Amino acid sequence: ELYRSNLWGWGSTINLEFAEKTGEGKEYFNAFHQVDTTDLDTFVGENNIKRVDLLVLNVPGEIEHLILIGAKDLITNFRPQVTITVYHKNLERVTAFFKEVGDYFEIENPYKEPYSKSKIHIFSPSK
């Protein structure tokens, strides 16, 4: 089993540090991995994707707004409904992103995970 303990860096390669469970006990060792990444706009362009109706995002940490920035062309051009789990400290950045993109409104979602500082937010394009 791998447990993510750190996420550092941004760009085409990220460095992940894992604590890997070695057995039944609580013995762990650190493992470092480099992972190539791409933003959603690049992925859509490179794969000739013609339509996106729904974008669901649930990412670790407080990086939701960075993922959205990397999907700005996708969201602007395809106008999908976006369902995103947002850490409470990042809600202002996420809301500002959708105001900047324009013609999106938030659908009220009353459900909240107990003991969680994150909540699922639904942003839908105006028709």
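The figures follow:
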item	result
Dipole magnitude of region 30-112, debye to nearest 20 (Cβ charges: Lys/Arg +1, Asp/Glu -1, about Cα centre)	140
Extension gain (nm, one decimal) between I67 and Y115, 0.36 nm per residue minus Cα-Cα	14.8 nm
Solvent-accessible area per residue, Å², over region 56-111 with all protein chains present [probe radius 1.4 Å]	57
Greater than 20 Å apart at Cα, pairs in K72/K127; K72/K112; K50/K99	K72/K112; K50/K99
Cα gyration tensor shape of region 50-127, rounded if a/c is under 1.5, else prolate or oblate by comparing a/b with b/c	prolate
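The values are calculated or read from the model by the stated rules, or taken from the named source; none is laboratory data. Bear in mind that the values here come from a model prediction, so they are computed numbers and not experimental data. Glycine also receives a Cβ, built like all others from the backbone with ideal geometry; neighbour counts cover every protein chain displayed. All accessible areas refer to the heavy atoms of the entire protein, side chains included, with ligands and DNA or RNA removed. Shrake-Rupley method; radii C 1.70, N 1.55, O 1.52, S 1.80 Å.
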